[in-house]
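The values are calculated or read from the model by the stated rules, or taken from the named source; none is laboratory data. Keep in mind that this is a model prediction, so the values were computed, not measured. Glycine also receives a Cβ, built like all others from the backbone with ideal geometry; neighbour counts cover every protein chain displayed.
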């Protein structure tokens, strides 16, 4: 098997010694080319190159942001534009080696959060020829299109990610504690009186009054340390997209919601002010004012209208 390994040297939870060990282990099982990412979007270019060059697999050692970039390169190998995604069998398989702060995609696949333990599971999958075909989500806004592996968000959660990314720009790490503290601090200044968003779709009735929207391609949505956070517990790589919209952000509503979504749960959260969708092919979120927007934990700016689509059987993963 011929594979390209994309290494993010700035990944949160790995160091050079660990990376060397993982590279040697992977090199023992396949014909491996190693590339380090040097700037934002570089992993997309490298995985697109691997696809065009006929590689059998693209491995990623990094966090969810690096994996997202690589996936976008694999699905848009020629021009990076939305179009016919083709068959998962026509593109390299993906290997996801956790190296970031949350590693939601790798953990949602069932891999350990430790990169060395995860590598052991991946090597077993390579040895046994074990693959899993997963669906992806696609976000389309203005003249942009981008795929995502596990989640997107508009509103409050994207605002928190924006704040944490600002801290990372000053050299601070994106730890689970930092995310929680930032979320609590940011909550105090969030507008809780004027919900800007509306959701609608071909099979989705128009519903407004939404402050925050979580769009999920799988579950969990995130982790607080070892504990999963699952606002859409029925979401999976084998179904369409799910959504949880919050029509209230007041303290009583949040205190009711949080215990329902933290921890390993398989029941939907309940509440009169929740908007919930499951297994949808397409829907659109629009807003009366620009709202913060994130994909796979990567802040992408502010939007006023965005369409989400489910892309089934999009990618093969060695796991």
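Key figures for this structure:
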| item | result |
| --- | --- |
| Elements of type helices (runs of 4 or more DSSP H) in region 103-176, at least 2 residues being in contact with a helix residue (DSSP H, G or I) (Cβ under 7 Å, 6 or more places away or on another chain), in contact (Cβ under 8 Å) with a residue 24 or more places away in the chain and outside the structural domain of residue 74 (by TED's automatic domain parsing) | 156-168 |
| Residue within region 213-225 that is farther than 22 Å from residue 63 by Cα, in the same structural domain as residue 161 (by TED's automatic domain parsing) and at pLDDT 95 or above present | yes |
| Residue 297, sole failed condition from (1) farther than 30 Å from residue 56 by Cβ; (2) modelled with pLDDT under 95; (3) surrounded by 15 or more Cβ atoms within 10 Å (Cβ to Cβ) | (1) |
